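J.: Starting off with a structure, shown below.
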Amino acid sequence: MSTLTITQASCADDYDPNSMPVDKARAFIHQFLAPIEGVVRVPIRSALGRVLAEDVLSPVDVPSHRNSAMDGWAMRGADLKAEGETTLQEIGVSFAGKPFAGKVGPNQCVRIMTGGVVPEGADTVVMQERAKASGKSIAFAPGQKTGQNVREAGEDLKAGSVALKAGRTVRPAELGLLASLGVGEVSVRRRLRVAFFSTGDELKSIGTPLGEGEIYDSNRYTIYGMLERLGCEVLDLGVVRDDPALLERAFAEAARVADVVITSGGVSVGEADFVKSMLARLGEVVFWKIAMKPGRPLAYGKIGGAHFFGLPGNPVSVMVTFYQFVRDALLVLMGAHPVTPVPTFTATCTARLKKAPGRTEFQRGVLTRGPNGALEVRPTGEQGSGILKSMSDANCFIILGDATGNVEPGTAVEVQLLEGIV
Ligand code: AMP
Ligand code: MG
């Protein structure tokens with residue numbers, strides 16, 4: 001983390017708040033992020049979606065015993081002939097959870113199932129498809145190798161070694177892995193507290209009728225949803241009118257109770273001025289015009305100990321700026337490590353896209369497989385920054401970089417999926 005203050009960093013020579021490239025804004029914010037303090041011990045089910053605060057060491061060898069990777073027979077590898085069949089006598093069975101108590105001697109074998117303990121004396125398993133049983137005499141095909149199909153104790157993980165590193169977010173696979181080690185509790189970071197409010201005289205909360213020129217506040221709902229999905233503790237501070245005294249009180253209160261403060265609206269030209277002078281009094285905040293669409297105005301800074309993200313007011317801009325700037329920042333604050341950007345890949349665009357060079361656009365798209373099996377993407381229709389349906393109908397962003405101009409049908413474009421599988 002940089003020791004520079006936000007104000008010092010924003011005085012760098014190549015820093016232009018009126019045309020801030022997306023990557024530069026992201027990198028600027030990341031200089032000031034460090035994981036929050038605070039750890040809690042929780043039963044593993046409650047750790048789902050949370051970030052491990054400490055390395056989890058395996059208390060056991062995995063697998064805990066030498067076992068078979070196949071259904072078949074276990075024997076001494078040295079007994080198997082290189083040429084021609086080998087016939088051995090079956091002296092018992094070893095099923096998963098029901099080991100064979102005896103020892104395998106020369107010219108003997110034990111029927112074994114996947115996961116069954118490989119009995120003492122045996123070092124090799126031949127799969128049943130390579131064997132012919134007649135009573136207790138089992139004939140094995142040639143070409144077997146000593147040691148095959150045997151999983152050694154500790155082969156996947158040795159007792160005492162790191163099973164999961166601090167910083168890992170617990171997903172269903174991690175829950176299963178922890179359970180497989182017999183670990184019932186883990187240390188996770190405390191939840192990140194994020195306070196948010198909407199600003200605007202035109203905003204009404206649902207449940208109240210709309211007067212002329214008024215609209216329902218939708219940003220508080222999308223922000224709530226995005227924060228919940230990330231596993232944050234959310235503090236909804238409602239709608240705050242465009243009144244300097246009320247806003248100042250709301251900012252101060254939010255920064256007092258939360259690790260992060262997110263607002264929507266009020267950072268665009270015209271509105272920003274009184275917000276700017278107020279935030280300069282309360283903390284250190286920079287205001288940018290990002291070279292992107294949607295989501296041009298954006299503010300970032302510190303108010304007291306809290307990180308502040310001032311998102312634009314338009315509903316689609318809120319979501320785009322959240323995913324492109326806030327999401328990764330919150331993950332870093334939550335202690336997640338490493339934080340990797342949501343991957344992008346290319347698909348063929350089937351429609352013509354209007355695009356001006358000099359800014360990054362995040363159009364909302366629908367990614368499908370075309371008739372030849374290749375990935376295709378089309379925009380979700382009207383792309384206005386107030387049209388939430390363009391986001392709701394989408395399963396991906398179509399990311400058009402600064403240098404890109406209009407896109408003709410058949411061109412490869414970069415896409416970023418909105419949903420992952422876990
Ligand atoms: P602003 O950035 O405050 O100038 O707002 C830009 C546009 O977004 C205006 O049309 C606002 O009415 C609209 N807007 C601002 N906040 C919200 C909100 N919370 N929910 C829905 N629309 C909003
Ligand atoms: Mg406003």
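The values are calculated or read from the model by the stated rules, or taken from the named source; none is laboratory data. Everything numeric here is computed off the predicted structure, so don't read it as measured data. Positions of Cβ are backbone-derived with ideal geometry, glycine not excepted, and every protein chain shown enters the neighbour counts. Side chains included, ligands, DNA and RNA excluded: accessible areas come from the protein's heavy atoms. Shrake-Rupley method; radii C 1.70, N 1.55, O 1.52, S 1.80 Å.
J.: Provide Rg over Rh for segment 189-279; use the alpha carbon set for both Rg and the Kirkwood Rh (inverse mean inverse pair distance).
T.: On the way: Rg = 13.6 Å, Rh = 13.9 Å.
Over the Cα atoms of segment 189-279, Rg/Rh equals 0.98.
J.: How large are Rg and Dmax for segment 8-82 when only the alpha carbon atoms are used, in Å?
T.: That works out to 27.3, 79 Å for Rg and Dmax.
J.: Turning to a different aspect of this structure: Within segment 1-82, report the trypsin sites (Lys or Arg not before Pro) that DSSP leaves as loop and that have at most 13 other Cβ atoms within 10 Å.
T.: Working: sites: K24, R26, R41, R45, R50, R66, R76, K81; in loops: R50, R66, R76, K81.
Those that pass, being in a loop and sparsely packed, are K81.
J.: Oh, and also: If you split all Cα-Cα distances of segment 213-258 into 5 Å bins from zero, what percentages do you get per bin, shortest first?
T.: Histogram of Cα-Cα distances, whole percents per bin: 5, 18, 23, 23, 20, 9, 2, 0.
J.: Kirkwood hydrodynamic radius for segment 298-396: how many Å is it when counted over pairs of different Cα atoms? All intermediate terms of the calculation are to be shown ahead of the outcome.
T.: Values: mean 1/r = 0.0637 Å⁻¹.
About 15.7 Å, per the Kirkwood formula over Cα pairs.
J.: Please list the non-local residues whose amide H lies under 5 Å from the amide H of G283, H modeled 1.01 Å from N, same-chain partners needing a gap of 5 or more.
T.: Counting only residues 5 or more places away or on other chains, the set is empty.
J.: Sticking with this one: Carbon and sulfur atoms: what percent of the 1.4 Å accessible area of segment 69-190 do they account for?
T.: Details: 3220 of 6160 Å².
Ligands and nucleic acids excluded, carbon and sulfur give 52 percent.
J.: Quick one: Karplus J couplings for segment 152-158, per residue in order, coefficients 6.51, -1.76, 1.60, θ = phi - 60°, nearest Hz, x for Gly and Pro?
T.: Per residue, the Karplus-derived 3J(HN,Hα) values read 6, 4, x, 5, 7, 7, 8 Hz.
J.: Here's something else I'd like to know. For a quick check of understanding: with a 1.4 angstrom probe and all protein chains in place, what accessible area in square angstrom does V285 have, to the nearest ten?
T.: Surface open to solvent at V285 totals about 30 Å².
J.: Taking springs between alpha-carbon atoms closer than 10 angstrom, which of S198, S264, S218 fluctuates most in the Gaussian network model of the chain?
T.: Looking only at S198, S264, S218, the largest GNM fluctuation is found for S218.
J.: If one computes the Cα centroid of segment 241-302 and of segment 336-352, what distance in Å separates the two points?
T.: Result: 29 Å between the Cα centres.
J.: Which GluC sites (Glu not before Pro) does segment 357-422 hold that lie in a coil by DSSP with at most 13 other beta carbons within 10 Å? Each step should come with its number before you reach the end.
T.: On the way: sites: E361, E376, E382, E414, E419; in loops: E382, E419.
Passing sites in segment 357-422 are E382, E419.
J.: Rg/Rh for segment 69-188: what does it come to with C-alpha atoms and Rh from Kirkwood? Before the final figure, lay out the partial values.
T.: Numbers: Rg = 18.2 Å, Rh = 16.1 Å.
Computed over Cα atoms, the ratio is 1.13.
J.: G92's amide H: which non-local residues (gap 5+, or another chain) put their own amide H closer than 5 Å, with H modeled 1.01 Å from N in plane and none for Pro or chain starts?
T.: The answer is R111.
J.: K24: which aspartates and glutamates have alpha carbons under 15 Å from its alpha carbon, excluding same-chain residues fewer than 8 sequence positions away?
T.: Filter leaves D13, D14, D16, D328, D402.
J.: Which ³J(HN,Hα) values in Hz, rounded to whole numbers, follow from the phi angles of segment 400-408 under the Karplus curve 6.51 cos²θ - 1.76 cosθ + 1.60, where θ = phi - 60° and Gly and Pro get x?
T.: 10, x, 3, 6, 5, x, 3, 10, 8
J.: Out of every Cα pair in segment 262-352, what percent are spaced more than 22 Å from each other? Spell out each step's value before the answer.
T.: Numbers: 1511 of 4095 pairs.
I get 37 percent for the Cα pairs in segment 262-352 exceeding 22 Å.
J.: So, how do all the Cα-to-Cα distances of segment 329-377 break down into 10 Å bins, in percent, from 0 on up?
T.: Once binned at 10 Å, the Cα pair distances of segment 329-377 give 19, 33, 28, 19, 1.
J.: I would also like to ask the following. Probe radius 1.4 Å, ligands and nucleic acids ignored: give me the carbon and sulfur share of the accessible area of segment 248-327 as a rounded percent. Intermediate results must be reported in sequence, preceding the final value.
T.: Values: 1300 of 2620 Å².
Ligands and nucleic acids excluded, carbon and sulfur reach 50 percent.
J.: In addition: Explain nothing, just the number: dipole magnitude of the chain about its Cα centre with +1 on each Lys and Arg Cβ and -1 on each Asp and Glu Cβ, in debye rounded to the nearest 20.
T.: Details: 45 positive and 46 negative charges, 181 e Å.
Computed about the Cα centre, the dipole is about 860 debye.
J.: On to the next question. Tell me which trypsin sites (Lys or Arg not before Pro) from segment 302-371 have a DSSP coil assignment and no more than 14 other beta carbons within 10 Å of their own. Before the final figure, lay out each step's value.
T.: On the way: sites: K302, R327, R352, K354, K355, R359, R364, R369; in loops: R352, K354, K355, R359.
Those satisfying the criteria are R352, K354.
J.: Quick one: which residues, 5+ away or cross-chain, put their amide H under 5 Å from the amide H of T199? H built at 1.01 Å from N.
T.: Counting only residues 5 or more places away or on other chains, the set is V240, S264.
J.: Within the accessible area of segment 355-422, what % is carbon and sulfur when the probe is 1.4 Å and the other protein chains stay in place?
T.: On the way: 1890 of 3470 Å².
Taking all protein chains in place, segment 355-422 shows 55 percent carbon and sulfur surface.
J.: What ratio of Cα Rg to 2.2 N^0.38 Å holds for the chain? Don't skip to the end; give the middle numbers.
T.: Working: Rg = 30.0 Å, N = 422, 2.2 N^0.38 = 21.9 Å.
This ratio for the chain stands at 1.37.
J.: What list of ³J(HN,Hα) values in whole Hz, one per residue of segment 122-127 in order, does the Karplus curve 6.51 cos²θ - 1.76 cosθ + 1.60 (θ = phi - 60°) give from phi, with Gly and Pro shown as x?
T.: Here the 3J(HN,Hα) series is 8, 9, 9, 10, 9, 5 Hz.
J.: Sticking with this structure for a sec: Roughly how many Å² is the accessible area per residue of the chain, as a whole number, for a 1.4 Å probe?
T.: On the way: 20340 Å² over 422 residues.
In whole numbers, the chain has 48 Å² accessible per residue.
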